[in-house]
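So the structure is just underneath, and the comments pick up after that.
Since every read-out is calculated from the coordinates, none of them should be taken as a lab result. These numbers come from a predicted model, not from an experiment. Cβ coordinates were reconstructed from backbone atoms using ideal geometry, including for glycine residues, and neighbour counts include every protein chain displayed.
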Amino acid sequence: MQYKEINPSPRMLMTPGPVEADPRVLRAMSAHILGQFDPEFTALMNETMEMERYVFQTKNRQTYVVDTTSRGGLETVLTGAICPGDKVLIPAFGRFGYLLAEILERCGADITLLEKEWGTVFDPQEIEDALKKDSYKAVACIHGETSTSMMQPLEELGEICERYGALLIVDAVATLGGVDVKVDDWKLSACISGTQKCISAPSGSALITYNQQIEDIVKARKRVEKGIRTSDDVDGGLVRIPSNYLDLGQLEDYWSPRRLNHHTEATSMQYAVHEALRCIVNETLEARFARHSLNDRALVAGLQAMGLTIFGDLKHKMPVVTAINIPDGADGKAIRGMMLDEFGIEIATSFGPLDGKILRIGNMGYSSQKRNILILLGALEAVMRRNGVKVSSGEAVAAAMDVYQEAENR
Ligand SMILES: *Cc1c(COP(=O)(O)O)cnc(C)c1O
């Protein structure tokens, strides 16, 4: 039998993930394999932790990488920090809020859902009101709700949770590396992200960070497996973490000078994460956020000039995702299909109540480039017309170019 070499078509990935990986990241992935306890490799791991602290804007000692996708990162932190029976409050305003609820239910947590219409966010006061009514071990929420393009303000929430003695565990999968995520300033107890969105590496690693409070819980639940445990490994007083693979206790020991022989580290993904973080450190967070913000303003100006409307509460729109309302009578699937087939540009649909109602455009990481925004706008205009949508002609690209021009003149 003959199988063809992997040789995928070039694509412009303008979805909310996966996005284009930085070419430097792809090159790093083709480097020689090192053994996982080789001092050269463990030195790379230590550098990764340092750079990750910069990106998360934290001093947390426990800041490392788990070999799983972002969802696995959420599961790792939630399974480790939340014991069966713990009460957790989940303010949900889209698909990923429900994912937190689903994972927590499986952890045996006693969850309370606060629900909000998709396309909106919570007023921190609403969360505080719920915290007043009952006592919770934790609040778990999404920062950038990719399914709706809304971004929950978190500045005050950590302070509020602290006042009510609740941990605040945040999913920043879609936002980290594209917009400010200030783990320490915002008093987040734990924060979880992935690699295939604004970090711009392939999917396959989760970036996590958590504070001393969670480290203490993990310590109390720690059980090092038989076969590698030593006489120094004393069991803690709390119920053991139910997962072996996603066991924060043993993972901490692998990422610490102890270098516990837990799993075999995914070498090439570690190279990818190291290089992706190095690219961010080089660019600086400030310049990176400014780049995403400028491209966002150009994209929105272009879409509006075309005559399209943006979905949701614009005050709380993520700068890294934009959702457009599918015009009346138009077929979202056909538009998306033609973008891919004719132009090699991928954009996304949505889920649940928004399925068939909006199209989502990502502006993340390496995909967040002026060139991509301008080409996308030109292509979308042509595709809209082919699908019978009356859009203004030539205005979209011009409006976006005006935004870039203005930024250059400033
Ligand atoms: C993409 C995404 C996830 C899931 O990430 P996977 O890497 O697919 O596991 C979780 N939360 C949010 C907010 C996301 O955008």
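Got a sec? How would Ile160, Ile326 order by Cβ neighbour count within 10 Å, fewest to most?
Working: Ile160 17, Ile326 24.
Least crowded to most crowded, the residues run Ile160, Ile326.
Percent antiparallel among DSSP beta bridges with both residues in the range 135-189, to the nearest 5? Spell out each step's value before the answer.
On the way: 2 of 8 bridges.
Beta bridges within the range 135-189, antiparallel portion: roughly 25 percent.
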Run the paramagnetic zone check for Ala220: 7 angstrom along Cα to Cβ, then residues of the range 32-68 with backbone nitrogen under 19 Å.
62
Run the dipole for the chain about the Cα centre, Lys and Arg Cβ at +1, Asp and Glu Cβ at -1, nothing else charged, and hand back the magnitude in debye, nearest 20.
540 debye
What is the antiparallel percent of DSSP beta bridges lying wholly in the chain, to the nearest 5?
50 percent
Could you give the distance between the Cα centres of the range 190-205 and the range 117-185, to the whole Å?
19 Å
Can you give the helix-only mean residue ellipticity at 222 nm for the chain, where every DSSP H stretch with n ≥ 4 adds -39500 (n - 2.57) and the sum goes over all residues, rounded to the nearest 500 deg cm²/dmol?
-12500 deg cm²/dmol
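Quick one: which of Lys116/Lys182; Lys197/Lys315; Lys59/Lys315; Lys59/Lys133 span more than 26 angstrom between C-alpha atoms? Walk me through the numbers on the way to the answer.
Values: Lys116/Lys182 24 Å; Lys197/Lys315 22 Å; Lys59/Lys315 30 Å; Lys59/Lys133 33 Å.
The answer is Lys59/Lys315; Lys59/Lys133.
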For Leu246, residues with placed amide H under 5 Å, excluding near neighbours
none
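Taking Rh as the Kirkwood radius computed over C-alpha pairs, what is the Stokes-Einstein D of the range 183-285 at 10 °C in a medium of viscosity 1.306 mPa s, expressed in µm² per second?
Numbers: Rh = 15.6 Å.
Here the translational diffusion coefficient equals 102 µm²/s.
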Mean Cβ count within 10 Å, highest first, over the residues of peptides 55-63, 14-22, 172-180, 341-349:
172-180, 14-22, 55-63, 341-349
How far is the Cα center of the range 373-398 from the Cα center of the range 52-104, in Å?
39 Å
Flagged links, alpha-carbon separation over 24 Å, of Lys137/Lys187; Lys137/Lys317; Lys132/Lys317; Lys87/Lys187:
Lys137/Lys317; Lys132/Lys317
Rank-order 277-287, 190-200, 117-127, 90-100 by packing density, defined as the average count of other C-beta atoms within 10 Å over each peptide's residues, highest first.
190-200, 90-100, 117-127, 277-287
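Given the peptides 71-82, 309-320, arrange them by the average over their residues of other C-beta atoms within 10 Å, most packed first. Working shown, then result.
Values: 71-82: 24.4, 309-320: 19.3.
Result, highest mean Cβ count within 10 Å first: 71-82, 309-320.
Would you mind getting me the FRET efficiency between Asp402 and Ile33? Use the beta-carbon distance for r and R0 = 45 Å, nearest 0.05. Before the final figure, lay out the partial values.
Values: r = 49 Å, r/R0 = 1.10.
In this case the efficiency is close to 0.35.
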Cβ-based charge dipole, the chain, positive-most Cα from Leu167, Ala140, Leu374:
Leu374
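Return Arg163, Arg27 ranked ascending by Cβ neighbour count within 10 Å, so the fewest neighbours appear first. The partial results should precede the final answer.
On the way: Arg163 10, Arg27 13.
So the residues, fewest neighbours to most, are Arg163, Arg27.
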For Val234 paired with Arg11, estimate the spin-label separation in nm (one decimal), with each label point 7 Å from Cα along the Cα-to-Cβ line.
5.3 nm
Percent of Cα pairs exceeding the 28 Å cut-off, where the set is the chain:
50 percent
